Amino acid sequence: MSRVKLEAIWQHDKVLPYILTTLKDKIDDITAVEKIFLFGSRGRVPFDEWNTLEGKDWDVLVQAKSKLKNVHVLVDKDYYLDLLVFDEQTIKEHYSNNKLAMIFPENELNCKS
């Protein structure tokens, strides 16, 4: 996920919680959010090395009660979001070999810094 205002999104400690809370609330209106993960480069690179990822997209994987297609949440906020919303079974089938960093309900990033 990147923002049109690129210098703001890099303040991940301030911006990321706001974005993810807004995202979770919008998805919760449709289906219950169970877990939120970062995948792609942010899921693989240790949190204390994220400075090497400046300008990279934020890839967000949401585990919910049911899959959503054509997810367009946060479009009105000018965010570019690589977002997938799947059920638990789909994540196990297709993402079990990927490095995922859980950020809700447990924040694994706190353990890496």
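Summary table below
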{"read-out": "Condition check for Thr52: touching a strand residue (DSSP E or B) at 6+ places or on another chain (Cβ under 8 Å) and either open to solvent by less than 40 Å² (accessible area, probe 1.4 Å) or not acidic (Asp, Glu) (or both)", "value": "no"}
{"read-out": "Residues of segment 1-56 that turn out to be part of a loop (DSSP other than H, G, I, E, B), polar (S, T, N, Q) and modelled with pLDDT under 80, as a count", "value": "1"}
{"read-out": "Test: residue in segment 57-72 that is open to solvent by 80 Å² or more (accessible area, probe 1.4 Å), modelled with pLDDT of 85 or more and outside any loop (DSSP other than H, G, I, E, B)", "value": "no"}
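The values are calculated or read from the model by the stated rules, or taken from the named source; none is laboratory data. Everything numeric here is computed off the predicted structure, so don't read it as measured data. Methodologically, a virtual Cβ is constructed for each residue, glycine included, from the backbone with ideal geometry; neighbour enumeration extends over all protein chains shown. We work out accessible area using only protein heavy atoms, side chains counted, and drop any ligands, DNA or RNA first. Shrake-Rupley method; radii C 1.70, N 1.55, O 1.52, S 1.80 Å.
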